[in-house]
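Some notes on the structure that comes next.
The values are calculated or read from the model by the stated rules, or taken from the named source; none is laboratory data. Bear in mind the structure is a predicted one, so any value in this text is a computation, not a measurement. With ideal geometry, Cβ positions are generated from the backbone for all residues, glycine too; neighbour counts draw on all protein chains shown.
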Amino acid sequence: MPGDSERERYERLKREIARHDRLYFVEARPEISDRDYDRLVEELKVLEAAHPDWVTPDSPSQRVGGEPIADFETVEHRVPMLSIENTYAEEGLREWDERVRKLLESVPPSYVAEPKVDGVAIALHYEGGLFARGATRGDGRRGDDVTANLRTVRAIPLRLDPPDGEPLPPLLEVRGELFMPFGEFARMNEERRAGGLDPFMNPRNSTSGMLKHKDPKVVARCRLSFLAHSVGATEGLPVRAHAQLLAFLRGAGMPTVPLAACRDVEAVATHIRDFEKVRATLGYATDGVVVKVDDFRQRERCGETSKAPRWVIAYKYEAEQAATRLRDVRLQIGKSGAVTPVAILDPVPLSGTTVSRASLHNFSEIARKDIRIGDCVVIQKRGEIIPYVVRAIPEERTGAEQPIVPPTTCPRCGTPLVRAEGEVALRCPSPDCAGRLVERLKFWGGRRQMDIQGLGEKIVEQLVAAELVTDIPDLYALTAESLVSLERMGELAAANLLGGIAASRGRGLARLLAGLAVPHVGHKVAELLAERFGDLAAIEGASVEELTAIPGVGEKIARSLGEWLRSERGKALLAGLRAAGVKTTADRPGAPTGPLAGKTFVITGTLTKMSRAEAHERIRALGGRPGDSLTRKTSYLVVGADPGGKVEKAREFGVAVLPEDEFCRMIDSPPPAA
């Protein structure tokens, strides 16, 4: 039996290490060196090796370890991680302020501003104060479970510990940005160069790559950091404003973004100008300032669209620009046949990466800007991600520059190009074009569609060139014998690719619909269709009226889908996929059933008898559908405490208004199913 003094030393070590983590990441005033910190952790591990029954999930020793991850599981966000509206000018900021004031009527808004960290958005779930799960943003509704890797990040506390014994919410989802500090980025690149490896291109991509690494021990060696900026699903959170929220999180040991309180939009504009002068000194990448309404009740009155809340906006700083020489133009064929000109440039550093290719948009834009081969051109990154050519520099011309002539035939198949009325893009109309096929196959195998591991661009090009694949269903007829004839395709690589193709058969209806690349049918619409109909055959037989009855599916989408399904190519493709054994049903086949089937509920205000997430779960369990925004197709508006302007809007739309008590009676004793 160990002595009490040894156990007491162990508990003191845990508290001391947690205190040093807090001093370093939350309060920015470390007391000891990294070496002394490591000695404390090593002493802790020695005690745990002698007494393994003492180890708990929140022990600092649990940050590093565990077996490599086979596959990342997909998890659904209880509260969607929506995007944020952007502006690049103070005029846009003031227009947003006017919209907010109009929504709030006579109540003046209070604002807070925080750095827009250029990292990877993640959600951290705490249950009873203990870190239970971490997920990526993904598509906003579903992300990857990366808990094992996030546990290695010292900036993420394994246990929240608010001061003065303040109670913690039983469920708390903290959202923020995972990032690689500039110093760590430089250190890792030095190590990679010393080891003969190529350096990482920029901190954000490095962070994203590390987050999805299959071995947590490798992630642990990379000192990623984290700053919280908001919360998602919570229960019993004792705050009513954003500034209070961040103070609460900091008090519990969570590092948060620095916050500035701004009395009005003019104060916000001043802060944005001041912050631009100092953001380079922060030690991590930022690309703007996020401005939010501070008061949560005011946020509720502002509401949100299907894509973004109305109470927040991101002011993005103008992207860095660079000048370089345009050496050539190459033509890129899209899956819809659009021919896109791509600039081939002298390599130039820009916003942390080396750029050698950039978008020229289309030939009408080239003519408008008078861009020529051989020009010195200015390039920048849209949103600091996608490089494009801004303009030429005519004064640098020597007379040797050549005009860029739009093509008349497809560079891949030679078919005469067409331009539809009202469009600027040139398109190859041939459904048999090899260039279009390559892009369709790449898209079908993409991570958000059928997620076929090993189906990269080079492999796709070889499959098409060798005529092993002439359309998507041919992928499912490939054999090891046919694959090993390809360049750099050994038996192991062939087996891995065939395994990825086989696994894609079971991805389900939503991913299949998204992978078909039907015009106007994206991932969200595909999910709505799969949820409503449950079976591809039911969608094929649906009328335009039945399709448009789904909130989020308009007439344009319905007609585009119907035309594609009735086309000869569409019929042949789906018949081929069925013959190949590709799953054409949703995970929960059939239309929703239950007493609330066909009903859509939107909640406004604060519910007192349950959390909003619990209400959504109850609605789904009874066959109904929780909605994000109020429309004329909404069945009921559920009204809690401190409702916003949605109540008046519901009356204007003729939507039934349900007080919380009536809603509770409805879900406790629902009417019989129709």
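Find all pairs meeting these conditions: Cβ atoms under 9 angstrom apart; at least six residues apart or on different chains; first residue within the range 122-138 and closer than 14 Å to V153 by Cα and in the same structural domain as L158 (by TED's automatic domain parsing); second residue among the basic types (K, R) and in a strand (DSSP E or B).
Close Cβ pairs satisfying both conditions: I122/R175; A123/R133; A123/R175; L124/R133; L124/R175; F131/R159; A135/R142.
Sort through E531, E545 and tell me the only one that's exposed (fewer than 14 other Cβ atoms within 10 Å of the Cβ) and either outside any helix (DSSP H, G or I) or not assigned by TED's automatic domain parsing to the domain that holds T634 (or both).
E545
Report yes if some residue within the range 264-272 is in the same structural domain as D161 (by TED's automatic domain parsing), in contact with a Phe, Trp or Tyr (Cβ under 6 Å, 6 or more places away or on another chain) and not β-branched (V, I, T); otherwise report no.
no
Return yes or no: is L237 in the same structural domain as E98 (by TED's automatic domain parsing) and buried (at least 16 other Cβ atoms within 10 Å of the Cβ)? Walk me through it before giving the result.
Values: in the same structural domain as E98 (by TED's automatic domain parsing): yes; buried (at least 16 other Cβ atoms within 10 Å of the Cβ): yes.
Answer is yes for this residue.
Just to be sure, is R372 more than 30 Å from A314 (Cα to Cα), of a type in the set (K, R), assigned by TED's automatic domain parsing to the domain that holds L331 and touching a residue at least 24 places away in the same chain (Cβ under 8 Å)?
The answer is yes for R372.
When residues of the range 368-413 are filtered for being closer than 20 Å to P349 by Cα, charged (D, E, K, R) and touching an Asp or Glu at 6+ places or on another chain (Cβ under 7 Å), how many remain?
2
Would you call I344 modelled with pLDDT of 90 or more, closer than 19 Å to A319 by Cα, more than 28 Å from the chain's Cα centre (by Cα) and surrounded by fewer than 16 Cβ atoms within 10 Å (Cβ to Cβ)?
So I344 fails the test.
Are any of the residues in the range 170-179 among the β-branched types (V, I, T), crowded, with 23+ Cβ neighbours inside 10 Å and in a strand (DSSP E or B)? Break it down into steps so the answer makes sense when it comes.
Step one: of the range 170-179, the residues among the β-branched types (V, I, T) are 174.
Keeping just the survivors that are crowded, with 23+ Cβ neighbours inside 10 Å gives 174.
Adding the requirement that they be in a strand (DSSP E or B) leaves 174.
Checking the range 170-179: at least one residue is among the β-branched types (V, I, T), crowded, with 23+ Cβ neighbours inside 10 Å and in a strand (DSSP E or B).
When you look at G500, is it surrounded by fewer than 20 Cβ atoms within 10 Å (Cβ to Cβ) and assigned to a loop (DSSP other than H, G, I, E, B), yes or no? First the steps, then the outcome.
On the way: surrounded by fewer than 20 Cβ atoms within 10 Å (Cβ to Cβ): yes; assigned to a loop (DSSP other than H, G, I, E, B): no.
For G500, the condition - surrounded by fewer than 20 Cβ atoms within 10 Å (Cβ to Cβ) and assigned to a loop (DSSP other than H, G, I, E, B) - is not met.
Mind listing just one residue for me: the one in the range 192-214 that is part of a loop (DSSP other than H, G, I, E, B) and modelled with pLDDT of 70 or more and, of those, surrounded by the most Cβ atoms within 10 Å (Cβ to Cβ)?
Ranking the candidates gives F200 first.
State which residue pairs qualify: first residue surrounded by fewer than 17 Cβ atoms within 10 Å (Cβ to Cβ) and inside the range 460-472, second residue not in a helix (DSSP H, G or I) in any location, beta carbons under 7 Å apart, and separation of 6 or more residues or different chains.
These pairs meet every condition: A466/L486.
Scan the range 37-48 and tell me whether some residue there is touching a Gly at 6+ places or on another chain (Cβ under 7 Å) and at pLDDT below 80.
no
Regarding F663, is this residue aromatic (F, W, Y), surrounded by 17 or more Cβ atoms within 10 Å (Cβ to Cβ) and part of a helix (DSSP H, G or I)?
Yes: the conditions hold for F663.
Please enumerate the residues belonging to the range 274-313 that are within 23 Å of L178 (Cα to Cα), modelled with pLDDT of 90 or more and basic (K, R).
K292
When the range 549-561 is examined, which residues are found to be farther than 11 Å from V525 by Cα and either touching a Pro at 6+ places or on another chain (Cβ under 6 Å) or buried (at least 17 other Cβ atoms within 10 Å of the Cβ) (or both)?
Selection gives S560 alone.
Considering only residues that are closer than 19 Å to T207 by Cβ, outside any loop (DSSP other than H, G, I, E, B) and in contact with a strand residue (DSSP E or B) (Cβ under 8 Å, 6 or more places away or on another chain), which ones fall in the range 276-295? Show your work before the answer.
Pass one, the range 276-295, residues closer than 19 Å to T207 by Cβ: 279-280, 282-288, 290.
Now drop any that are not outside any loop (DSSP other than H, G, I, E, B), which leaves 279-280, 286-288, 290.
Result: R279, T286, D287, G288, V290.
Scan D432, D474, D451 and give me the residue that is outside any helix (DSSP H, G or I), more than 30 Å from F363 (Cβ to Cβ) and either in the same structural domain as A338 (by TED's automatic domain parsing) or not small (G, A, S) (or both).
Sole residue among the options that is outside any helix (DSSP H, G or I), more than 30 Å from F363 (Cβ to Cβ) and either in the same structural domain as A338 (by TED's automatic domain parsing) or not small (G, A, S) (or both): D451.
Mind checking whether some residue in the range 137-149 is in contact with a helix residue (DSSP H, G or I) (Cβ under 8 Å, 6 or more places away or on another chain), under 30 Å from T56 (Cα atoms), assigned to a strand (DSSP E or B) and not acidic (D, E)?
no
Hey, among the residues in the range 38-62 that are in a loop (DSSP other than H, G, I, E, B) and not small (G, A, S), which one's surrounded by the fewest Cβ atoms within 10 Å (Cβ to Cβ)? Step through it out loud before you land on a result.
Step one: list which residues in the range 38-62 are in a loop (DSSP other than H, G, I, E, B), which gives 51, 55-59.
Okay, now just the ones that are also not small (G, A, S), so 51, 55-58.
Numbers: H51: 13, V55: 16, T56: 13, P57: 11, D58: 17.
The residue in question is P57.
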